[in-house]
Amino acid sequence: MLIRNARGWPLSGEADGDVELADVPVIDVRIGGGRITESAPGLRAVANEEEIDAGGCALLPGLHDHHVHLRALAAAQASVQVGPEQVRTAAELRSRLRSHDASRPAGAWLRCVGYHESVAGPLDRWALDRMLPGSDRPVRVQHRTGALWVMNSAALARLGLDVDGVADVAAADGAAAGAAGDESGVERDAGGRVTGRLWRMDRWLADRLPARSTDLTGALAEMSARAAALGVTGFTDATPGAGEGDVAAFAAAVADGTIAQRLVCMAPADVADIPVVSVAPGSAPGRFSLGPVKILLDDDTLPSLDDLADQVRQAHAVRRPVAVHCVTRVQLVLTLAALDVAGRLPGDRIEHGAVIPAEMVPVLCGLTVVSQPHFVAERGAQYATDVAPEDLPDLWRLRTLIDGGVAVAAGSDAPFGGADPWHVMRAATSRPADLGPGETVDPATAIRLFLGEHTAPGVPRLVAPGYPADLVLLRCPPWEAVRSLVSELASELASDLVAATFVGGDQVYSRYSG
Ligand SMILES: [Zn+2]
């Protein structure tokens, strides 16, 4: 395939900073065997070569979402949103639950996501029961952080967690029996009653909720298609605790084309790499790979320094870097100490880096911070009230990290943040006055947050020979794409600028063909 008259961007190396966007040269780009084989002006077409005329528009490396939770995203896109912006008050929550209760088949679960206390305070089973009086609909509501599920009484009964209003886990049915150790996340009130609040019990829930694998396949395919239309050519799934089965299922979804993008899957150190046999005709091998070992930290259950250092060593022993979830000061301090004890491996990452004190920026050099700049825009109002005032200046740093020589990349963290990378970029270019306006970056830098290597997010990819042909062709030249990121006009939204998306040379989205 030959893509003609494209402005390949960003340019390589230092040249980039010196060249005005208007002077980015127009080139032809040849693709073969899943890679870019040539890029130069005036290439001659060979026999039977497919040609696309880019008309002077920008051709970028495809966007890689460096931190996302694909199954949860696919499920969320098929779920009821019950958080701000869609739902803001208890009355709105009640009416949304009632309308979905009325429209769903009897007995089907109602899966709700995105909840935050600003809507109707802390939820529990009784609050949910009051919203659907007289209904036996099982309802589960996920908190926006992903750490908590709240069940109504009908849902608890289905799960065998509450037979007659009083908790008696030992007496619950077979599903729960013998697995009491897994139930430490089941919250109880002072009287020992199950409140309906289940903390970090996704794995436990997944084993007990009705399997809907065909639904999930459809939802994953839809999720993949939406992302392709936004120019996304790769994902790094950062879901903690992925088992062999999860990894194999992802590998299969990539191999059969359910997921059209390249996929890097984080998994524990004892999960072995799955050799992917491509079953879809023409789909390239190498689109699936095992990523870093995800380590989740929680302030309430922090491991000892020795324990964490051991986890890092175990990952490094199988030549896998770590990706440590750090959203608080203490988590970051502990992680950096553990990396000191265990040593670092290229590719070690800090996920989120939500709070980074200025004095720690130099220590982060050599690591990659995978940030969510859009959380400031999506959650700014709550940060102002929920975050300790002394942490506010250290919240979601961007500019100071980049200026300090720290490799930074971005991930949507969808469904816990919005999935559109162009919104993430836009958020990176503007911050509210009370939340570190000095941490913004220019639009070109914001775009580059998604242009890093799949396995080394801090290393830029280019539109140049040898690179995989994961590409996004825009409908405009580079300078207009950059302008659209800072434009106030909704009609100029950058996510509307994608003309075509290619993964390994295969066209996975075209604006002009269905
Ligand atoms: Zn995440």
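Values computed for the structure shown
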quantity: Hits in region 232-269 (condition: within 16 Å of the ligand (Cβ to nearest atom) and in a strand (DSSP E or B)); calculated: PHE235, THR236, ASP237, LEU263, VAL264, CYS265
quantity: Flag for PRO292 being touching a residue at least 12 places away in the same chain (Cβ under 8 Å) and at negative phi; calculated: yes
quantity: Of the criteria (1) surrounded by fewer than 22 Cβ atoms within 10 Å (Cβ to Cβ); (2) under 24 Å from the mean Cα position of the chain (by Cα); (3) more than 16 Å from the ligand (Cβ to nearest atom), which one VAL327 fails; calculated: (3)
quantity: Scope region 131-154; condition under 13 Å from VAL82 (Cα atoms) and among the charged types (D, E, K, R); matching residues; calculated: ARG140, ARG144
quantity: Residues of region 69-110 classified as farther than 26 Å from ALA410 by Cα and open to solvent by less than 40 Å² (accessible area, probe 1.4 Å), total; calculated: 9
quantity: Test: ASP129 is touching a Ser or Thr at 6+ places or on another chain (Cβ under 8 Å), farther than 24 Å from ASP506 by Cα, open to solvent by 40 Å² or more (accessible area, probe 1.4 Å) and not aromatic (Phe, Trp, Tyr); calculated: yes
quantity: Residue satisfying condition, being aliphatic (A, V, I, L, M) and without any contact (Cβ under 8 Å) to a residue 60 or more places away in the chain, within set ALA414, ALA444, ALA427, ALA464; calculated: ALA427
quantity: Per-region count, region 356-373, residues within 16 Å of the ligand (Cβ to nearest atom) and open to solvent by less than 10 Å² (accessible area, probe 1.4 Å); calculated: 5
quantity: Pairs with Cβ under 6 Å, 6+ apart, first in region 253-265 and hydroxyl-bearing (Ser, Thr, Tyr), second surrounded by fewer than 23 Cβ atoms within 10 Å (Cβ to Cβ); calculated: THR258/THR217; THR258/LEU220; THR258/ALA221
quantity: Members of region 46-68 that are open to solvent by 40 Å² or more (accessible area, probe 1.4 Å) and either within 16 Å of the ligand (Cβ to nearest atom) or outside any loop (DSSP other than H, G, I, E, B) (or both); calculated: GLU51, ASP53
quantity: Evaluation of LYS294 against (1) open to solvent by 10 Å² or more (accessible area, probe 1.4 Å); (2) within 15 Å of the ligand (Cβ to nearest atom); (3) out of contact with any Pro (no Cβ under 8 Å at 6 or more places or on another chain) (one fails), failing number; calculated: (3)
quantity: Residues within region 172-229 that are under 30 Å from ALA500 (Cα atoms), β-branched (Val, Ile, Thr) and modelled with pLDDT of 70 or more, tallied; calculated: 1
quantity: Filter pass, ARG379 being within 16 Å of the ligand (Cβ to nearest atom), buried (at least 19 other Cβ atoms within 10 Å of the Cβ) and of a type in the set (Lys, Arg); calculated: yes
quantity: Restricting region 23-42 to residues that are in a loop (DSSP other than H, G, I, E, B) and open to solvent by 60 Å² or more (accessible area, probe 1.4 Å), the residue that is nearest to GLY505 (Cα to Cα); calculated: GLY33
quantity: Residue within region 422-430 that is more than 14 Å from the chain's Cα centre (by Cα), more than 29 Å from PRO346 (Cβ to Cβ) and open to solvent by 30 Å² or more (accessible area, probe 1.4 Å) present; calculated: yes
quantity: Strands (runs of 3 or more DSSP E) fully within region 270-389 counting 2 or more residues that are modelled with pLDDT under 95 and not acidic (Asp, Glu); calculated: 288-290
quantity: Any hit, region 204-219, residues being within 16 Å of the ligand (Cβ to nearest atom), touching a residue at least 24 places away in the same chain (Cβ under 8 Å) and open to solvent by 40 Å² or more (accessible area, probe 1.4 Å); calculated: no
quantity: Meets criteria (open to solvent by 30 Å² or more (accessible area, probe 1.4 Å) and away from the ligand (no atom under 16 Å from the Cβ)) for ALA338; calculated: no
quantity: Qualifying positions in region 405-421 - within 12 Å of the ligand (Cβ to nearest atom), open to solvent by 20 Å² or more (accessible area, probe 1.4 Å) and of a type in the set (Gly, Ala, Ser); calculated: none
quantity: ALA456 without any contact (Cβ under 8 Å) to a residue 12 or more places away in the chain, part of a loop (DSSP other than H, G, I, E, B) and of a type outside the set (Ser, Thr, Tyr); calculated: no
quantity: Residue satisfying all of: in region 459-491; of a type in the set (Val, Ile, Thr) and assigned to a loop (DSSP other than H, G, I, E, B); farthest from ALA323 (Cα to Cα) among these; calculated: VAL463
quantity: Which numbered condition ALA74 fails, given (1) modelled with pLDDT under 90; (2) of a type in the set (Gly, Ala, Ser); (3) under 29 Å from the mean Cα position of the chain (by Cα); calculated: (1)
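The values are calculated or read from the model by the stated rules, or taken from the named source; none is laboratory data. Because the structure is predicted, anything quoted here is derived from the model rather than measured. Here Cβ is always computed from backbone atoms with ideal geometry, including for glycine, and neighbour counts include all displayed protein chains. In case anyone asks, the SASA skips ligands and DNA or RNA and just uses the protein heavy atoms, side chains included. Shrake-Rupley method; radii C 1.70, N 1.55, O 1.52, S 1.80 Å.
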